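Structure first, commentary second.
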Amino acid sequence: MRPEDTRGTGGDGLPVPMAWLYTEYTADELLRTGDLMEPTTLEFRAGRDALALTIFLSGLLGDAPLSRALSEARVDELRLLTAYGVTWRSWVCERLAESERRAGPGDPDLALARAAWRWLEETELLAADLDAIVPAPWEPVAGGTLEGEGEVQVWTPAWQLGLPLGHLAVHLC
């Protein structure tokens, strides 16, 4: 593979998605430092992908070296962006669409970001049913299935578990 910057190097190799790999590495380090989840779990992957997608689409890292990649101001912005809510999903969709319009054809960073988003949206993980004791009055108990002796299992898109995990990791850094 050749690096993205090929001034004078020639070659027809595949471009390396350095921006995405850099943000994914940063998200991974934040989650590992927080020690919230085993790195081998799907929940960890959901947190890493949600956090990496947020960092990538916000441009928080820019060209900063890793040692100062997340200054205090950038950490504060990341906390705001990962605050749980319905707006994060629409923000991601808008930013991905905007990035696709600006990017050149076959942009490898955007392809990996798009794949991460697809996984986060299409993969469902078993979540703890925090409303099982007393359901919130404004929400029906949809999405759950009764198993055995009244135990409720709730399957949720991976981003809905990954986003709070990423948010918590940012608070711990």
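Computed from the coordinates by the stated procedures, all read-outs in this text should not be read as laboratory data. Just so it is clear, the model here is predicted, and its values are computed rather than measured. For neighbour counting, all protein chains shown are included, and Cβ atoms are generated from backbone atoms with ideal geometry for every residue, glycine included.
5 Å is the cut-off here: which amide hydrogens, built 1.01 Å from N in the peptide plane, fall below it relative to LEU125, excluding neighbours closer than 5 in sequence?
THR156, ALA158
Using 0.36 nm per residue, how much length does the chain from ARG118 to VAL16 gain when fully extended, once their Cα-Cα distance is taken away?
Fully extending the segment from ARG118 to VAL16 adds 34.7 nm.
Can you give the FRET efficiency for GLU100 and LEU80, using 1/(1 + (r/R0)^6), R0 = 25 Å, r = Cβ-Cβ distance, to the nearest 0.05?
In this case the efficiency is close to 0.55.
Mind listing the long-range amide H neighbours of GLN153? Cut-off is under 5 Å, sequence gap 5 or more, other chains count too, H placed in the peptide plane at 1.01 Å from N.
For GLN153, the qualifying residues are THR145, GLU147.
From the phi of every residue in segment 155-171, what ³J(HN,Hα) in whole Hz does the Karplus formula 6.51 cos²θ - 1.76 cosθ + 1.60 yield, where θ is phi - 60° and glycine or proline is x?
9, 9, x, 4, 5, 6, 8, x, 5, x, 5, x, 4, 5, 4, 5, 5
Starting from the Cα-Cα distance between SER71 and GLU38, subtract it from 0.36 nm times their residue separation and give me the gain in nm to one decimal.
Extra length from SER71 to GLU38 when fully extended: 9.3 nm.
Could you give the nm distance between label points at TRP155 and SER90, where each point is 7 Å from its Cα heading toward the beta carbon?
Roughly 2.7 nm, to one decimal.
Sort 153-162, 103-112, 26-35, 41-50 by the packing proxy (mean of other Cβ within 10 Å over each peptide's residues), most packed first.
Those peptides, ordered most packed to least, come out 41-50, 153-162, 26-35, 103-112.
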